[in-house]
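Trainee: Let me give you the structure first, and then I'll get to my questions.
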Amino acid sequence: YGSFSLGGGGARIRAAVADVTGRTVGEYELPTPGRRSAQSVVRQVTDALDGAVKAAGLARDDVRRVVIGTPGAFDPNTGRLRYASHLPGWHSPALLDELAAALPMPVEYENDVNLAAIAEQRLGAARGHNDFVLLWNQEGLGAALVLGGRLHRGWTGGAGEVGFLPVPGTPLVRQVTKANSGGYQELAGSQAVPRLARELGIEDLPAGPYDEAAAELVARAADHATGPYHQLLRTYATRLATGLASLVSVLDPELVVLSGTALTSGGEVLRALVQAELEELAAARPRLVVGDVREHPVLRGALESALATTRDEVFDTSR
């Protein structure tokens, strides 16, 4: 059996195991509430692995490779997680060594949005494209940069942390790492959507976490051609295009993929509004598409990443 992968936000860990054909044979979701230490993180990761392996009818030793997806990135120079101060227990300098000691197979770590880009490149809207940006808006605003067919991660792993971008339309955010936010996040992140809805006089706001509320509001707005909901979608599209204009002006990608529930829930209506606004704000004019991989794209990307390496090992006829 080929691979195990793990992904999710701060409140849960999702795990899945696939065979070498890519078929998912076991899944498990582990709630992770409250404060955590490095020791509890290691235990939760192994518990999630064991849950997925048990669901597949396997043993831990049957797993050949693990890919772990998290917000932020593990700095290759220090081994410490950066750009995700909201993940308790994941910032210990000894964490990677402790995870390596607890897991008997090779382990790789990747940014969650980068994994969503891998899923779209292998299975979805970016197939056949070597230069594209994936803009993600779900439990945080971020981007993945694929240049010449390869992920660009940056010197510390922070390439694509666009939520920290200073942008017009919002006050400057200083000490961004302490705030775990920045101008673009404040302007267009999913937490800004319910706030904007209240400003426009929309009273029937969805309950639940802000990212779920944002996705529902954007989906409702896509069904309205006039009124406050339509204004909500137009303003949101302008805010999204404001940050995207900086990205495409620097990178000039062939394609921009919109992913994450606060973007995909707007469908073609939101995509067209963002495309029109971007053409007003930037000289480069990449094509915008809505992501095709909707079901746990981070987890799917982790599986695809692990499968690619595993298949190379299993089918290498020179060995």
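Trainee: Going through the range 44-94 one residue at a time, which ones are part of a loop (DSSP other than H, G, I, E, B), of a type in the set (G, A, S) and open to solvent by less than 60 Å² (accessible area, probe 1.4 Å)? Spell out the reasoning first.
Mentor: Initial filter on the range 44-94 (part of a loop (DSSP other than H, G, I, E, B)): 56-59, 63-65, 71-72, 75-80, 83-94.
Imposing the further condition that a residue be of a type in the set (G, A, S) reduces the set to 56-57, 59, 72, 79, 84-85, 89, 92, 94.
Matches in the range 44-94: A56, A59, G72, G79, A84, G89, S92, A94.
Trainee: Still on this structure, please answer the following. Quick one: how many residues across the range 143-165 are of a type outside the set (A, V, I, L, M), open to solvent by 10 Å² or more (accessible area, probe 1.4 Å) and within 19 Å of Y236 (Cβ to Cβ)?
Mentor: 0
Trainee: Run down V53, V45, V133 and say which single residue is out of contact with any Gly (no Cβ under 9 Å at 6 or more places or on another chain) and hydrophobic (A, V, I, L, M, F, W, C).
Mentor: Values: V53 fails: out of contact with any Gly (no Cβ under 9 Å at 6 or more places or on another chain); V133 fails: out of contact with any Gly (no Cβ under 9 Å at 6 or more places or on another chain).
It is V45.
Trainee: Consider R60 carefully, then state whether it is basic (K, R) and either at positive phi or in contact with a Gly (Cβ under 9 Å, 6 or more places away or on another chain) (or both).
Mentor: On the way: basic (K, R): yes; either at positive phi or in contact with a Gly (Cβ under 9 Å, 6 or more places away or on another chain) (or both): no.
For R60, the condition - basic (K, R) and either at positive phi or in contact with a Gly (Cβ under 9 Å, 6 or more places away or on another chain) (or both) - is not met.
Trainee: Yes or no: R43 more than 22 Å from A100 (Cα to Cα), of a type in the set (K, R) and without any contact (Cβ under 8 Å) to a residue 40 or more places away in the chain?
Mentor: Working: more than 22 Å from A100 (Cα to Cα): no; of a type in the set (K, R): yes; without any contact (Cβ under 8 Å) to a residue 40 or more places away in the chain: yes.
Taking the combined requirement at face value, the residue does not satisfy it.
Trainee: A143: part of a helix (DSSP H, G or I) and modelled with pLDDT of 95 or more, yes or no?
Mentor: On the way: part of a helix (DSSP H, G or I): no; modelled with pLDDT of 95 or more: yes.
Considered against the rule, which asks whether it is part of a helix (DSSP H, G or I) and modelled with pLDDT of 95 or more, A143 comes out as no.
Trainee: Return the pair list, or none, for Cβ contacts closer than 6 Å from residues in the range 179-196 that are over 13 Å from L233 (Cα atoms) to residues that are open to solvent by 10 Å² or more (accessible area, probe 1.4 Å) and of a type in the set (S, T, Y), at least 6 apart or on different chains.
Mentor: Qualifying pairs under 6 Å: N180/S85; G183/T170; E186/T170; L187/T170; Q191/Y210.
Trainee: List every residue pair whose Cβ atoms lie under 7 Å apart, where the two residues are 6 or more positions apart in sequence or sit on different chains, the first residue falls within the range 100-129 and is of a type in the set (D, E), and the second residue, located anywhere, is part of a loop (DSSP other than H, G, I, E, B) and surrounded by 18 or more Cβ atoms within 10 Å (Cβ to Cβ).
Mentor: D112/P71; E120/A126; E120/G291; E120/V293
Trainee: For the range 168-195, how many residues meet the condition of being open to solvent by less than 10 Å² (accessible area, probe 1.4 Å) and either of a type outside the set (S, T, N, Q) or farther than 18 Å from W136 by Cβ (or both)?
Mentor: Final tally of qualifying residues: 7.
The values are calculated or read from the model by the stated rules, or taken from the named source; none is laboratory data. This one's a predicted model, so the numbers in the text were calculated from it and none came from an experiment. When we count neighbours, we look across all protein chains shown, and the Cβ atoms used for this are built from the backbone with ideal geometry, even at glycine. Surface areas here come from the heavy atoms of the whole protein model, side chains and all, with no ligands, DNA or RNA. Shrake-Rupley method; radii C 1.70, N 1.55, O 1.52, S 1.80 Å.
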